[in-house]
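What follows is calculated from the coordinates using simple rules that are stated; it is not laboratory data. Just so it is clear, the structure is predicted and the values come from calculations on it, not from any experiment. Ideal geometry is used to build each Cβ from the backbone, glycine not excepted, and the neighbour counts take in all protein chains shown.
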Amino acid sequence: MKIVFATNNQHKLEEVRQILGDSVEVLSLNDIGCDVDIPETGTTLKENALQKAQYVYDHYHIDCFADDTGLEVDALGGAPGVFSARYASLEDIEPMSPMSPISPISPMSPISPKSHDSEANMERLLRELGENNNRRARFRTVIALIQKVGNLNCVERINFFEGIVEGEITRERSGVGGFGYDPIFRPDGYDKTFAELGNEIKNQISHRARATAKLCAYLLKK
């Protein structure tokens, strides 16, 4: 079985391919000749995942899935959430104390060169949490899958799969593995961050692993 994963993020591709194994051949956007920077203008993870999958399906008429992931920190009112990848570049948020309510974030906020800069994102998050003892957080992944129904390109089936892992934000970075916020996220039940645990363990327990496992189970029962 072949299916397109609407991403060119090598970290995500490797992670998902390892989780799915040989049961499904996962193609990237590069593999199908798509070099468009697909916009993500939704206000929820579900909207962004569907937007990316819909673009690929509409332009290439091939079964595909897309994901969006957010880190939700309780003390920051659920931020950075849907804006996790570009948190440091959202210039319309004033610095806040750990106990202050989070300011509204606009998806149209100016994007600086720090967009998708993991180090800058972590720096901002740790700065805004400060010495707050409430470090509770979770990673949430939503996958949107679009498939053809029968032999008709114009008929599509859409399904969503969600994975969540609970944990806490550490006070400093630990580990060199993983990507994104992995060096400052410690999942429940472990004394190490995602960046310290290594891919073998992370790919069994992560938010993306849980969402992808649901996707895989659905695909293989077809």
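A few points about this structure:
- Residue match in segment 30-45 (condition: among the hydroxyl-bearing types (Ser, Thr, Tyr), crowded, with 16+ Cβ neighbours inside 10 Å and not in a helix (DSSP H, G or I)): no
- In segment 123-138, the residues that are in contact (Cβ under 8 Å) with a residue 12 or more places away in the chain and crowded, with 17+ Cβ neighbours inside 10 Å form Cβ pairs under 8 Å with partners that are assigned to a strand (DSSP E or B) and small (Gly, Ala, Ser), at six or more places apart or across chains, as follows: ALA137/GLY167; ARG138/GLY167.
- Within segment 147-156, one or more residues are surrounded by 18 or more Cβ atoms within 10 Å (Cβ to Cβ) and assigned to a strand (DSSP E or B).
- Verdict on THR69 being closer than 21 Å to ARG210 by Cβ, crowded, with 18+ Cβ neighbours inside 10 Å and of a type outside the set (Lys, Arg): yes
- For segment 160-199, the set of residues classified as β-branched (Val, Ile, Thr) and either surrounded by 15 or more Cβ atoms within 10 Å (Cβ to Cβ) or within 18 Å of the chain's Cα centre (by Cα) (or both) consists of ILE164, VAL165, ILE169, THR170, ILE184, THR193, listed by residue number.
- Enumeration of residues in segment 159-209 that are part of a helix (DSSP H, G or I) and closer than 30 Å to LYS148 by Cβ: ASN203, HIS207, ARG208, ALA209
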